[in-house]
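Since the structure comes first, as structure tokens, the remarks are kept for the end.
The values are calculated or read from the model by the stated rules, or taken from the named source; none is laboratory data. Every value quoted in this text rests on a predicted model; they were computed, and no experiment measured them. No Cβ is skipped: glycine too gets one built from the backbone with ideal geometry, and neighbour counts run over all protein chains shown. Protein only, heavy atoms only, side chains kept; ligands, DNA and RNA dropped before computing areas. Shrake-Rupley method; radii C 1.70, N 1.55, O 1.52, S 1.80 Å.
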Amino acid sequence: PDGTAQDCTIERPSGDPKLDALSCTIYLQRAKFESPKWIDGTPAYGVFRSSIHWTNGGGAPEKELEEAYPADMELTTNTLPPGAGTTTKITVQIAVGESGRVLGCENRPPLPHERKKYFPALALIACPRMISEFTAAPAKDASGNPVRSVETARIRFSTGQLK
């Protein structure tokens with residue numbers, strides 16, 4: 001709740017345990033966060049999910065990255081905002097109770113690399129669905145007990161028949 005990084009968990013291992021451990025070590029040393037706030041403004045635990053992509057040169061193709069870092073929820077809509085193409089991802093901030101139930105959801109401002117593809121109106125579609133359908137893994141305190149938290153979640157939108 002004070003903004004310091006407590007732990008790092010690899011959700012999708014690289015296949016190289018040493019590289020995964022190095023990624024967490026670097027992340028824990030460098031990560032700086034604002035103190036997360038619960039729905040009512042009180043301090044809460046925060047869960048920040050991010051992808052780390054190691055390359056030796058040119059980088060991975062977009063399809064490979066999509067498979068490596070899937071969205072938490074997939075939604076289909078009839079139209080997407082101009083500039084989004086036929087698919088786009090957004091990240092929202094969710095308030096998660098100790099049971100993993102999503103109790104609140106809001107648009108998350110873009111990180112610097114996301115500013116060109118930022119579509120805040122899509123959060124108006126995604127958030128009600130996150131609250132009604134998504135269950136998150138609850139954060140845990142230093143003793144391993146589930147705690148309420150503020151987390152990020154990724155939603156992939158595509159065009160087609162509205163689901």
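Observations
- In Hz, Karplus ³J(HN,Hα) per residue of the stretch 69-83 (6.51, -1.76, 1.60; θ = phi - 60°; x = Gly, Pro): 10, x, 6, 6, 8, 10, 10, 10, 9, 5, 9, 10, x, x, x
- Accessible area per residue for the stretch 1-49, computed on protein heavy atoms with a 1.4 Å probe, is 75 Å².
- Phi-based couplings in Hz for the stretch 99-106 (Karplus 6.51, -1.76, 1.60; Gly and Pro marked x): 7, x, 5, 7, 9, x, 7, 8
- Global geometry of the stretch 2-143, whether rounded, prolate or oblate, following the gyration tensor of its Cα atoms and the 1.5 cut on a/c: oblate
- Fraction of beta bridges assigned by DSSP in the chain that are antiparallel (%, nearest 5): 70 percent
- The stretch 88-137 - accessible surface per residue (Å², probe 1.4 Å): 57 Å²
- Rolling a 1.4 Å probe over the protein heavy atoms of the chain, with every protein chain left in place, gives an accessible area that is 53 percent carbon and sulfur.
- Gyration tensor verdict on the stretch 66-163 (Cα atoms; rounded if a/c is under 1.5, prolate if a/b is larger than b/c, oblate otherwise): prolate
- Taking a Cβ cut-off of under 13 Å around Ser149, the surrounding Lys, Arg, Asp and Glu residues balance to a net charge of +1, with basic ones at +1 and acidic ones at -1.
- Between Ala137 and Glu98, the simple spin-label model (points 7 angstrom out along Cα→Cβ) gives 2.0 nm.
- Over the chain, relative contact order from alpha-carbon pairs under 8 Å, at least 6 apart, %: 31 percent
- The listed peptides 2-14, 96-108, ordered by packing as a protection proxy, come out as 96-108, 2-14 (highest mean of other Cβ atoms within 10 Å first).
- Long-range amide H partners of Glu98 with built H, under 5 Å: Arg148
- 3J(HN,Hα) along the stretch 114-119: 9, 4, 6, 10, 10, 10 Hz, from the Karplus curve 6.51 cos²θ - 1.76 cosθ + 1.60 with θ = phi - 60°, whole Hz, x for Gly and Pro.
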